[in-house]
Amino acid sequence: MNPVNYLYLSALLFTIGAAGVLIRRNAIVVFMCIELMLNASNLAFVTFSRLHGNLDGQIIAFFTMVVAAAEVVVGLAIIVTIFRSRHSASVDDASLMKL
Amino acid sequence: MNDLAAYTTSTGEAFQFWVLGTVAVVGALGTVLMKKAVHSALSLAGTMIVLAVFYLAQGAYFLGVVQIVVYTGAIMMLFLFVVMLVGITAADSLKETLKGQRWLAAVCGIGFGILLIAGISNAQLHSFAGLGEANAKGNVEGLAALIFTKYVWAFEITGALLITAAVGAMVLTHRERTERRHTQRELSEQRVREGKQVPPLPAPGVYALHNAVDNPGLLPDGTPSALTVSDTLRARGQVRDVSGEALDSLAELEQRSTERLGRKEVGK
């Protein structure tokens, strides 16, 4: 097996995540799909690191993880705040600028 | 495999890839297609664990462990906490706000995937370097050397980012109290003034087989009392009435025994 297969898997996971972001209406599930896309890109980075034989790709994947952690914290805080004021986690309901 | 350029991975890794890759794709599809947010979160956790195994298999030992600790350990737990806060039963609405948006999104997704995969397959890679040389002194040591030399500036910026995120989360979820908190004395005085439920609320029911808080206690006339179950459970409709179960099973047992005894008597 050629390691390029990992890249195919990564592309597939990224596509599924992107389609999920477009299809789902629940803000939390949309957020999970974004995480899925970040993970897919991480897999691609790790595979590139192996293909090229240096560790720079792994470093980038590491920074992606850090950014993802920060993003999740802030994003979930926003979702909780919206849920408090609107009693709904659906992105359709958050279409008005104010309550 | 220690050559500078390898042409193919081991058979074991190929087998692992095809088995676990299937699991990863199924998990990803589950994340998108499951109706309840909890099921989506669990599917995503499965996919992330599979990805951690892939990292380990590809020589990214540090990232594999970090993936499990940070993603499945911290981030998915955070997701589950928020799902619990927002309500497990909050299922997705199936109503389309924009007409045909779902189908268009699916078509766009498939087209995007085809483009991406076709682009990769055009690359025609026949050999790869492998991490044998880069990992010779150890994966963690190699990463540390890079982080603290070439990428040290990005690493420091990361610290600022994390602090900003922590402060941001606190600012966003903090709620200012607009009125003074009532003391226990004021609350009890208010209860007496209003004249409803002055003593403490009655405890939930205790039965031979059940004593959880979602079982209502019985009033003297045998009807379940709503007061014995917490408001939250009542609002969610999760009150479980088991008061009739014991009698029902007893009646069932009696009926069965009379049937058997009756048959035996006939047999005599």
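If you take the charge dipole of chain B about its Cα centre, with +1 on Lys and Arg Cβ and -1 on Asp and Glu Cβ, which of B:73, B:169, B:227 is farthest toward its positive end?
B:227
Within chain B, what is the longest stretch that has no chymotrypsin sites (Phe, Trp or Tyr not before Pro) placed in a DSSP loop and near at most 15 other beta-carbon atoms within 10 Å?
Longest stretch, sites excluded: B:8-147.
Helix-only estimate, please: 222 nm mean residue ellipticity of chain A, summing -39500 (n - 2.57) across DSSP H runs of length 4 or more and dividing by its residues, to the nearest 500.
That calculation yields -27500 deg cm²/dmol at 222 nm.
Just flag the GluC sites (Glu not before Pro) in the stretch B:143-225 sitting in loop per DSSP whose Cβ has no more than 11 other Cβ atoms within 10 Å.
The qualifying sites are B:176, B:179.
Please compute the average number of Cβ atoms from other chains found within 10 Å of each residue's Cβ in peptide B:73-79.
Going residue by residue through B:73-79 and averaging, the value is 4.
How do A:33, B:108 line up, fewest other C-beta atoms within 10 Å first?
Least crowded to most crowded, the residues run B:108, A:33.
Using only Cα atoms, locate the centre of the stretch A:26-66 and the centre of the stretch B:33-86, then give the distance between them in Å, rounded to an integer.
13
Only sites in a loop by DSSP and with at most 10 other Cβ atoms within 10 Å count here; which trypsin sites (Lys or Arg not before Pro) in the stretch B:95-194 make the cut?
Of the trypsin sites (Lys or Arg not before Pro), the ones in loops of the stretch B:95-194 whose Cβ has at most 10 other Cβ atoms within 10 Å are B:95, B:99, B:137, B:175, B:177, B:180, B:181.
Among B:28, B:14, B:41, determine the one that fluctuates most according to a GNM of chain B built with springs between C-alpha atoms less than 10 Å apart.
Answer for the Gaussian network model of chain B: B:14.
Grab the DSSP H runs of chain B that are 4 residues or longer, score each as -39,500 (n - 2.57), total them, divide by all residues and round the 222 nm result to the nearest 500 deg cm²/dmol.
Computed ellipticity for chain B at 222 nm equals -19000 deg cm²/dmol.
About the Cα centre of chain B, what is the dipole size in debye to 20, counting +1 per Lys and Arg Cβ and -1 per Asp and Glu Cβ, all else neutral?
For this selection, approximately 540 debye.
Can you list the equivalent-ellipsoid semi-axes of chain B, largest first and in whole Å, using the square root of 5 times each Cα gyration tensor eigenvalue?
Semi-axes (√(5λ), whole Å): 55, 34, 22.
What does the charge dipole of the protein assembly as shown about its Cα centre add up to, to the nearest 20 debye, if the Cβ of each Lys and Arg holds +1 and the Cβ of each Asp and Glu holds -1?
760
Using the Cα centre as the reference, give the magnitude of the dipole from point charges on the C-beta atoms of chain A (Lys, Arg: +1; Asp, Glu: -1; all else neutral), rounded to the nearest 20 debye.
240
Can you give me the span-like helices of chain B, meaning DSSP H runs with 24 Å or more of Cα extent along the axis and Kyte-Doolittle mean at or above 0.0?
Helix filter hits for chain B: B:11-33, B:37-57, B:101-121, B:152-173.
In chain A, if the dipole is taken from +1 on Lys/Arg beta carbons and -1 on Asp/Glu beta carbons about the Cα centre, which of A:78, A:96, A:67 is farthest to the positive end?
A:96
Computed from the coordinates by the stated procedures, all read-outs in this text should not be read as laboratory data. All values derive from a computational prediction rather than experimental measurement. No Cβ is skipped: glycine too gets one built from the backbone with ideal geometry, and neighbour counts run over all protein chains shown.
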